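Since the structure comes first, as structure tokens, the remarks are kept for the end.
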Amino acid sequence: MSLSIGIVGLPNVGKSTLFNALTKKCVPAENYPFCTIDPSVGIVSVPDERLYALAAFSNTQKTIPAAIEFVDIAGLVEGASKGEGLGNKFLAHIREVDAILEMVRIFAVTDGKESINHVYGEIDPLRDIKVINMELILADLETVEKRMSNLQRDVKRGDKVAIFEESVVQKFLTVLSAEKMANTVVLTDEEQKVAKQLNLLTLKKFIYGLNKRTGGKNLDETNPEKFAEICKEIESYGSEWVILDAKIEQELSEFEGEDKDIMRAEIGHHDDGVDTLIKKSYKLLGLTTYFTTGEKETRAWTIKEYSTAPVAAAAIHTDFQTKFIRAEVIFWKDLLDAGSFTEAKAKGLLRTEGKEYIVSDGDVIEFRI
């Protein structure tokens with residue numbers, strides 16, 4: 001399953017720096033606007049201790065984690081919906097992703113050591129969030145107005161499909177005109193099918209990366225009340241946020257294992273914001289993980305939450321869904337505690353499930369076809 005998250009934000013808020021930290025892939029991250037013109041794409045593994053515990057259990061030869069695609073998109077500026085900056089190119093790129101990671105800077109322009117330019121000259125995260133979201137709202141408003149106009153001929157002749165679509169488009173028109181995000185609209189299952197075809201930017205799910213600077217002047221430390229207001233605003237959108245230091249995480253990305261832990265301790269940066277971000281992004285997309293394990297390979301498979309066993313089997317191969325007979329299932333921790341599949345079966349922990357079984361996060365499965 002290939003799902004992507006687009007990293008967006010104003011220029012110089014740390015988008016490309018975070019992308020480097022996420023992917024260890026070198027992309028331009030210089031201190032000037034629009035250094036990222038074409039989107040860079042990186043595949044990022046989802047941190048999961050369960051996978052490596054199962055790999056050790058099976059003494060496996062190959063370990064394959066779940067993954068998410070991150071897309072580094074050029075900086076957005078006020079007026080992008082009207083073509084300012086790289087507006088049209090930006091909007092085209094962001095329409096292609098499944099969810100949006102909005103980077104917001106909470107460290108000052110200067111901390112006495114270095115200056116990092118800000119497009120508005122000063123730090124105001126709430127303003128920055130509103131600028132970005134308003135540009136997306138305006139772009140969506142143009143989309144729904146155009147669609148509403150195109151529907152009118154069919155609506156006038158009584159076409160039932162057009163009339164139903166018009167009612168859905170009108171819901172979005174009302175909300176967007178009130179300068180609210182499209183994802184605040186409550187829809188039925190049938191209405192969601194229509195909404196999906198509109199491909200609205202603010203209908204996507206959002207997560208906010210609050211970028212701080214270790215040792216610098218950060219808003220969460222200098223003005224906790226203002227920072228709490230920002231978090232409350234984000235939560236009012238139904239979104240989550242993660243505090244991270246993109247620069248430190250980029251530097252730490254050059255190290256692995258124990259060396260990385262030592263370096264993190266030496267600089268006093270104890271929280272792994274990138275790992276937290278990846279995990280939250282994975283959940284944001286409504287994804288869950290099941291495992292297969294054996295001597296040749298241990299692998300984390302990505303599926304949508306609440307998938308049935310045959311649908312989950314299709315992640316391995318599409319033929320598995322149609323040829324599905326049954327699944328042998330055990331929770332990963334139960335398997336480790338039992339010590340072997342044979343012992344797990346003897347204890348009644350390994351069970352047989354049919355086509356109606358809803359796969360749970362952490363299941364270890366062997367499919368029978």
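The values are calculated or read from the model by the stated rules, or taken from the named source; none is laboratory data. All figures in this text were calculated on a predicted structure; none of them were measured in a lab. As a convention, Cβ positions derive from the backbone with ideal geometry for all residues, glycine included, and neighbour counts pool all protein chains shown. Just so you know, the surface numbers come from the protein's heavy atoms only, side chains and all, with ligands and any DNA or RNA stripped out. Shrake-Rupley method; radii C 1.70, N 1.55, O 1.52, S 1.80 Å.
Observations on the structure shown:
- Test: residue in the stretch 179-198 that is within 24 Å of Ile94 (Cα to Cα), hydroxyl-bearing (Ser, Thr, Tyr), surrounded by fewer than 16 Cβ atoms within 10 Å (Cβ to Cβ) and in contact with a helix residue (DSSP H, G or I) (Cβ under 8 Å, 6 or more places away or on another chain): yes
- Criterion applied to Leu10, Leu18, Leu51, Leu76 was being buried (at least 19 other Cβ atoms within 10 Å of the Cβ), assigned to a loop (DSSP other than H, G, I, E, B) and modelled with pLDDT of 85 or more, and the one residue passing it is Leu10.
- Pick from the stretch 349-359, criterion touching a helix residue (DSSP H, G or I) at 6+ places or on another chain (Cβ under 7 Å) and either assigned to a strand (DSSP E or B) or without any contact (Cβ under 8 Å) to a residue 40 or more places away in the chain (or both), ranking: farthest from Ala312 (Cα to Cα): Leu349
- Cβ-Cβ distances below 7 Å connect the following pairs, each with a first residue in the stretch 217-238 that is open to solvent by 40 Å² or more (accessible area, probe 1.4 Å), a second residue that is in a loop (DSSP other than H, G, I, E, B) and charged (D, E, K, R), and a separation of six or more residues or different chains: Lys217/Asp111.
- The stretch 54-73, residues that are in a loop (DSSP other than H, G, I, E, B) and out of contact with any strand residue (DSSP E or B) (no Cβ under 6 Å at 6 or more places or on another chain): Asn59, Gln61, Lys62
- If you go through the stretch 143-162 and keep only what is assigned to a helix (DSSP H, G or I) and over 17 Å from Val185 (Cβ atoms), you end up with Lys146, Ser149, Asn150, Leu151, Gln152, Arg153, Asp154, Val155, Lys156, Lys160, Val161, Ala162.
- Residue count, the stretch 91-131 (criterion: of a type in the set (Val, Ile, Thr), outside any loop (DSSP other than H, G, I, E, B) and either over 21 Å from Asp245 (Cα atoms) or modelled with pLDDT of 90 or more (or both)): 5
- Restricting the stretch 239-254 to residues that are within 20 Å of Ala99 (Cβ to Cβ) and β-branched (Val, Ile, Thr), the residue that is surrounded by the fewest Cβ atoms within 10 Å (Cβ to Cβ): Ile243
- Per-region count, the stretch 159-184, residues touching a Leu at 6+ places or on another chain (Cβ under 8 Å), without any contact (Cβ under 8 Å) to a residue 40 or more places away in the chain and not charged (D, E, K, R): 7
- For the stretch 303-311, the count of residues that are under 28 Å from Phe70 (Cβ atoms) and either open to solvent by less than 50 Å² (accessible area, probe 1.4 Å) or modelled with pLDDT under 90 (or both) is nonzero.
- Spans of helices (runs of 4 or more DSSP H) in the stretch 196-260 with at least 2 residues of a type in the set (S, T, N, Q): none
A quick yes/no check of all residues on (1) in contact (Cβ under 8 Å) with a residue 40 or more places away in the chain; (2) touching a Pro at 6+ places or on another chain (Cβ under 9 Å):
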position: Trp301; (1), (2): yes, no
position: Tyr306; (1), (2): yes, no
position: Phe320; (1), (2): yes, yes
position: Val329; (1), (2): no, no
position: Gly339; (1), (2): no, no
position: Thr342; (1), (2): no, no
position: Lys347; (1), (2): no, no
position: Asp361; (1), (2): yes, no
position: Val364; (1), (2): yes, no
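- Leu176 meets each of the listed conditions (1) in a loop (DSSP other than H, G, I, E, B); (2) aliphatic (A, V, I, L, M); (3) buried (at least 20 other Cβ atoms within 10 Å of the Cβ) apart from (1).
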